[in-house]
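Below you'll find the structure, written out as structure tokens, and then a few comments.
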Amino acid sequence: MAKKKAVKKATSTSKSKAAVKKQPAQKQPARKSSSSKRNPASIQSELKKIDREIVKLVNKRCSMTIKQIKSDPDPRAAMFDPKSDEELREFIEKLNSSGPLTNNAVRGIFRQILSSARRQIHPQRVAYLGPAYSYTHLAALERFGEEADMVPVNTIGAVFEEVNRSNTEFGVVPIENSTDGRVVDTLDMFTRLPLRICGEVLIAVHHNLLARCERSEITEIYSKPQALSQCREWLSRNMPQAHLHEVTSTSTAAQLAATKPGAAAVASHQASVEYDLQIIVEGIEDNTNNVTRFAVIGEEVCEPTGKDRTAILVQIAHKAGSLADTLQIFKKNKVNLTWIESFPLRGEEPGYLFFIDFEGHIQEAHIKRTISELEKRVVRLETMGSYPRSGILE
């Protein structure tokens, strides 16, 4: 009986195997690529159609910009037109009210179109306080675009010298910060060299703690003096163990953080990308409304826009009541002062130079009248330029 059961079991097993062999193999459904799942053919087709249209339109916009500049009586002067740039910024931001692109992203697209068009006519050379991806570099890119020839220099004084010697057409320098106030080196250079302010760029400055190590491993933090000052409270409260070191720029700080063990930098988001650093903490500035105003310096004369500033440098008599009498002239002519800074005169002569910024353009009647009255009262007066006011850029 045992043998029969074993034979029966063996027969049953062999039949089962034969049955399995006889079953036709089932076809497995072809795997669709993840790309196909995400982008069905209809969407891919529509995207390609849109892409063709975008490329066609941006090139058409570039060609029309070139044509517009060349049709101007002075094409090279037409390439620097802060009034038109500001009007375009306001226009495209209104068009972009529904998004989803940010105004910054849309503005960047148009900036590159304009910059490329201008390069076709004449490459603009711009000196700035470097190295690359310092905040001054970002301001220069905002105004002139990446197609301009950017010339990094080590000091604010060197920016002025590059423009004064005609090595570059323009320079970009920081002039004022909402947290720290005046940038002394910039104002001092205006007392030394006869250059104009022919534009401004206002940038919301957000500082970040960047490093290649963990936060607990940071023993040194580098940045330029103004950046460290603008983050003083945060650093004192959150990084008391780290030694602070001043360097010439935030980009130099980022370079050190990228190569030195235990080092960190206070710098921009763009610097983290450029120097392959991790953002350890974002937005460490003490004032969330931290804005730096950058001056565009050169020889260009800007036409009135209706939303302008004028900057002057004056020396008044060194006696009681002189400053009050000078300021009374602005009040009398209903001129709104936006900034006033004083500097001691060099040498043995007692007294002060005053850097004064106010609303209005030098070609407006009440501003002309104000300047004329000031010239009769002060010891020395230099007009440093009228230029369009700029909105704050994120």
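Think of a 1.4 Å ball rolled over the protein heavy atoms: the stretch 302-393 then has 52 Å² of accessible area per residue. In the complete set of protein chains, residue-level accessible area for His243 is approximately 120 Å², probe 1.4 angstrom. Compared with the alpha-carbon gap, the fully stretched path from Val281 to Lys368 is longer by 26.3 nm at 0.36 nm per residue.
Angle of helix 250-259 to the longest C-alpha principal axis of the chain, folded into 0 to 90 degrees and rounded to 10: 40°. Considering all C-alpha pairs of the chain, those separated by over 39 Å amount to 36%. With distances taken between every two different alpha-carbon atoms, the stretch 56-120 has a Kirkwood hydrodynamic radius of 12.5 Å. Antiparallel beta bridges, as assigned by DSSP with both residues in the chain, represent about 75 percent of the total such bridges. Using a 1.4 Å probe over the heavy atoms of the protein chains, calculate the carbon and sulfur portion of the accessible area of the chain as a whole percent. Ligands and nucleic acids excluded, carbon and sulfur reach 51 percent.
In the full protein context, the stretch 194-268 carries 41 Å² of accessible surface per residue, based on a 1.4 Å probe and ignoring ligands, DNA and RNA. Evaluated over the Cα positions of the stretch 209-281, the convex hull gives a direction-averaged projected area, one quarter of its surface, of 3.9 nm².
Packing order of peptides 284-291, 263-270, highest average first: 263-270, 284-291 (average count of other Cβ atoms within 10 Å over each peptide's residues). Just name one of His366, His206, Thr179: the one whose Cα is farthest towards the positive end of the charge dipole of the chain (beta-carbon charges, Lys/Arg +1, Asp/Glu -1). Among His366, His206, Thr179, the one farthest towards the positive end of the dipole of the chain is His206.
The values are calculated or read from the model by the stated rules, or taken from the named source; none is laboratory data. What you see is a predicted model; the values in this text were computed from it and never measured. When we count neighbours, we look across all protein chains shown, and the Cβ atoms used for this are built from the backbone with ideal geometry, even at glycine. Side chains are part of the model used for accessible areas, which takes the heavy atoms of the whole protein and leaves out ligands, DNA and RNA. Shrake-Rupley method; radii C 1.70, N 1.55, O 1.52, S 1.80 Å.
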